[in-house]
Amino acid sequence: MKDILPDLCDIYPEQLQIAEPIFSSYGQRQCFYGEVVTVSCFEDNSRVRELVSEDGKGKVMVVDGGGSKRRALLGDMLAEKAAANGWEGFVIYGAVRDVAAQSGMNVGIHALCAQPMATEKRGLGDVGKTVHFAGMTIAPGDYVYCDLNGIAVSKQPLALP
């Protein structure tokens, strides 16, 4: 495991947005980073389900769930599919479930909390829109960096220390 955020903050302080410290780490990968793919959804993970089936190498799915803690936007089956398809990780402004199983999967997961209730699948949500949460504005194609110190976003890829 590696602490990358403190060094990135020292090297690139003007280029980073830092998330409010409201997230917890749930995946096996505690340090992960990549190009942002955004999803906007509220208590419906239909778009997340679609995206985890795609090649995610070098990408992090940033999910704006409106901060809802009532329904989990990611469970063990979707996390396992994401890991198999090369996704680096997830930043979820919402809840996750199956956290014991996810802790052993080779994917990074930062989310607000655990919640055992699944979502309703209504086919709702948007992919590829700019999202706003935790004091940040995140656009598709931005770069996100996560470790146990928090979450940072930049407009371009940064050289890791």
Response to the item:
When (1) touching a residue at least 40 places away in the same chain (Cβ under 8 Å); (2) out of contact with any helix residue (DSSP H, G or I) (no Cβ under 9 Å at 6 or more places or on another chain); (3) surrounded by fewer than 24 Cβ atoms within 10 Å (Cβ to Cβ); (4) farther than 15 Å from Cys41 by Cβ are applied to Arg70, the one that fails is (4)
Worksheet, complete the sentence: The correct count of residues that are farther than 22 Å from Pro157 by Cβ and among the polar types (S, T, N, Q) in the range 110-140 is 2
Worksheet entry | Tabulated pairs, the range 94-121, first in contact (Cβ under 8 Å) with a residue 60 or more places away in the chain and within 19 Å of Val39 (Cβ to Cβ), second in a loop (DSSP other than H, G, I, E, B) and of a type in the set (A, V, I, L, M, F, W, C), C-beta under 7 angstrom, 6+ apart or interchain | His110/Phe23; Ala111/Phe23; Leu112/Ile22; Leu112/Phe23
Worksheet entry | the range 124-136: number of residues that are of a type outside the set (Phe, Trp, Tyr), in a strand (DSSP E or B), in contact with a strand residue (DSSP E or B) (Cβ under 7 Å, 6 or more places away or on another chain) and within 19 Å of Gly150 (Cα to Cα) | 2
Discussion item. Being surrounded by 20 or more Cβ atoms within 10 Å (Cβ to Cβ), over 16 Å from Ala134 (Cα atoms) and within 11 Å of the chain's Cα centre (by Cα) is the requirement here; does Val107 meet it?
Written reply: yes
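Bear in mind that the values in this text are calculations on the coordinates, not laboratory data. Not measured: the values here are computed from a predicted model. Every residue, glycine among them, receives a Cβ derived from its backbone with ideal geometry; neighbour counts consider all protein chains shown.
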